[in-house]
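Scroll down for the structure; my scribbles are underneath it.
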């Protein structure tokens, strides 16, 4: 079950059909395999129109294909091509957040973003939310914050993009490093685009939990600028949930200095 928020004043696309069906995984594989290439020269990125259903992220349909952390802050997935398809473009409006699973873990969050959804005020208090794997600890000299807490309540869809405050469906346990260093540049790219445009960005962030682990291994991030067919924004990356100098137990969220 997915929770929805909409902005009907902005999004006037085709009526919403039924989302995700039994053939979803097969359709996604087709969609991802025939996407055109993202091109830094500003060429359009044509999305597949082969599917009548919404797409899925790689962490949702093939999580085993995401490699374990090997020293890189992030990796590029699917040659940088998001796995969206034409159904997504025509039908997705507003924000969508998955219900927590049986272990209290967040699922995929996605949205059709536009400038009107961006907040105009400061973020509210979110300290009452304790996401799965929340085993907080301070590391003086290893975590670049004051106080030097290891974990942040990391938004899947950044507050700056959609104005979500204490939404437990949108907050995971993320290291300070992932939240403030490695996710931020990708979020800021979308934020800058929206601030200077009336266009839309189709956006999806999927946390990847391995098995029954409570701390995510990282987040898969996809973004695509709609009206210019990906000329401005087009990326697909997996950002690892790590903190230099600290060993994380992903099963529980426990942690220790190396």
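Look at (1) over 12 Å from the mean Cα position of the chain (by Cα); (2) under 17 Å from residue 98 (Cα atoms) and you find that residue 202 fails only one, number (1). For beta carbons closer than 7 Å, sequence separation of 6+ or different chains, a first residue in region 227-252 that is on the phi > 0 side of the Ramachandran plot and free of Cβ contacts under 8 Å to residues at least 12 places away in the same chain and a second that is surrounded by fewer than 20 Cβ atoms within 10 Å (Cβ to Cβ) and part of a strand (DSSP E or B), there are no qualifying pairs.
Values quoted throughout were computed directly from the atomic coordinates according to the rules given, and no laboratory measurement underlies them. The model shown is predicted, which means the values in this text are computed figures rather than measured ones. All Cβ positions, glycine included, derive from the backbone under ideal geometry; neighbour counts span all protein chains shown.
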